[in-house]
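The structure under discussion appears below in the form of structure tokens.
Read-outs throughout are calculated quantities, based only on the coordinates presented, and are distinct from any laboratory measurement. Note that the coordinates shown come from a computational prediction; the quantities given were computed from them, not determined experimentally. A quick note on method: Cβ atoms are made from the backbone with ideal geometry, for glycine too, and the neighbour counts reach across all protein chains shown.
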Amino acid sequence: MKVLIKLQRFAGGAPRSLLQYARALSDKGINIIAAGEAVPSDAIAENYKKNEIAIYYLNRFNNRKVLHNILLLFQLYKLIMKEKPDSIITTDGLDATFCSMLGKYFNMGVIIIRAGGPDPFSDTLLSTWNDNQLVVFSEENREYYIKHHYNPNKIRLISNRIEVSRDKNYENFYRLLENNEQTLSLLVISRLDKSKMNSILTMYKIIENLANEINNIQLIVAGSGDCSEFLSNEANKINQKFNGELIKLVGHVDNIQELILKSHLVFGKGRSVIEPIMMNRIGIVVGEDNEFSLCTGKSFENLYSYNFSGRNIIHRSGVDEIQQIIMDLRDGNYDYNNLINVADLVCLNYESIYLTDKLLPLIEQKSIEKRCYKLIKLRITGKIVALNIKLVFDYIRRRL
């Protein structure tokens with residue numbers, strides 16, 4: 001059996017998650033190939049190659065480029081004719097649409113994996129997904145697609161997708177904070193764009209307040225984006241005030257787990273905070289409107305329902321609570337049972353070792369049917385033109 005993983009590009013959280021899918025399926029003897037757009041940093045693509053997964057570079061679909069999409073779809077068609085996969089796994093909405101078109105003509109199974117909140121194009125694209133298997137990461141996602149009339153029997157909630165090495169010496173690591181034996185490291189993992197700027201600036205204020213009371217403390221910001229220069233300038237102002245590197249921006253980090261292991265508290269959302277918690281680190285979800293939520297046994301269900309996205313936070317953690325945690329760590333008063341109990345809970349729901357038994361039943365083994373190239377070309381061209389007209393109108397409507 002062979003499965004094609006169609007990525008938007010070899011960058012970001014989705015390809016990393018799908019690599020766990022690939023490993024889980026490979027362990028069951030399934031041959032995996034992957035296709036997606038190349039990026040300047042080839043680290044993720046190299047990880048696929050290290051796992052003996054064949055790589056193909058294809059540009060990504062664009063909802064405003066009709067001719068581009070037609071040409072790209074025929075490149076994907078040729079790849080399918082060459083490799084003859086039994087099923088396709090994809091995450092992007094446009095990829096799901098075009099893979100569903102080809103899946104229908106080639107009698108292939110298509111598994112669509114959707115993370116995050118509502119997709120602005122979902123209403124237009126959903127009808128083109130041909131009732132394929134849909135995997136979501138949270139109850140919020142599942143309810144969203146049911147509300148938009150997707151067949152509930154075709155929706156599966158499977159959040160297991162992350163592989164980590166848990167730090168067994170976590171308590172000794174934290175104990176070094178006592179008596180100022182180690183710098184207390186706060187880590188923010190986030191895109192540095194306009195939508196995230198306010199929450200990052202709030203973190204700047206928190207570290208400023210803490211620096212007035214705690215020596216040997218540092219905030220590290222990992223990520224890149226349009227606001228990188230502005231946030232760097234703001235950090236420099238604070239650093240000059242304290243005559244040191246209180247805030248350090250490190251840009252995009254390929255091996256984020258190495259940085260997580262050096263950190264004591266990690267702030268973020270989604271995978272950016274799930275992964276540290278699984279590694280026995282204190283994780284704090286950064287929500288909308290600068291809200292924070294410490295992941296505990298009490299807050300887990302709410303955070304899990306929304307895939308740790310920070311939406312609809314119920315159990316809020318104020319700046320004072322976060323500061324108190326840091327003081328407890330410094331003074332040796334933190335209850336480490338809280339840390340390990342939460343890590344166990346998150347691992348059970350997110351660790352990839354539990355993925356195979358949930359995913360394998362969704363893979364359909366269907367023999368590829370070689371059909372008339374010209375006939376498929378004509379039919380799909382018409383469908384793409386009609387679909388792109390809808391997408392362009394959707395784009396214009398949202399811009400008005």
Exercise for review: With everything on Cα atoms, drop me the angle between helix 194-211 and the longest principal axis of the chain, reported from 0 to 90° to the nearest 10.
Suggested key: 20 degrees
**Study point:** Helical contribution to [θ] at 222 nm, DSSP H n ≥ 4, -39,500 (n - 2.57), averaged over the chain, rounded to 500
**Key:** -14000 deg cm²/dmol
Revision key, fill the gap. Net charge near Met203 (other residues with Cβ under 12 Å of its Cβ; Lys, Arg +1; Asp, Glu -1) is 0
Check your understanding: Which one of Val346, Asn132, Leu201 has its Cα pushed farthest toward the positive end of the charge dipole of the chain, where Lys and Arg give +1 and Asp and Glu give -1 at the Cβ?
Key -> Asn132
Point to revise | Cα-projected label distance for Asp344 with Asn312, points at 7 Å along beta-carbon direction, nm | key: 2.9 nm
Practice item. Report the full-extension gain for the segment Asn209 to Asn290: residue separation times 0.36 nm, less the Cα-Cα distance, to one decimal in nm. Key: 27.5 nm
Check your understanding: Using a simple spin-label model with points 7 Å from Cα along the Cα→Cβ vector, what separation in nm is obtained for Asp331 and Glu143?
Key -> 4.0 nm
Exercise for review: Could you check the simple spin-label distance between Asn130 and Lys194, using points 7 Å along Cα→Cβ, in nm with one decimal?
Suggested key: 3.9 nm
Practice item. Kindly state, to the nearest 0.05, the FRET efficiency for Val39 paired with Phe230, given R0 = 22 Å and r defined as their beta-carbon distance. Key: 0.40
Exercise for review: Return the FRET efficiency for the residue pair Lys2, Leu71: r is the Cβ-Cβ distance, R0 is 35 Å, and the value is rounded to the nearest 0.05.
Suggested key: 0.90
Revision key, fill the gap. Other residues with Cβ under 15 Å from the Cβ of Gln182 give, with Lys and Arg +1 and Asp and Glu -1, a net charge of -1
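As a footprinting exposure proxy, order Arg330, Arg166 by other Cβ within 10 Å, with the fewest listed first.
Numbers: Arg330 22, Arg166 14.
Listing Arg330, Arg166 from fewest to most nearby Cβ atoms yields Arg166, Arg330.
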Review point. Peptides 137-148, 184-195, 262-273, 335-346: what's the order by average Cβ count within 10 Å, highest mean first?
Key: 262-273, 184-195, 137-148, 335-346
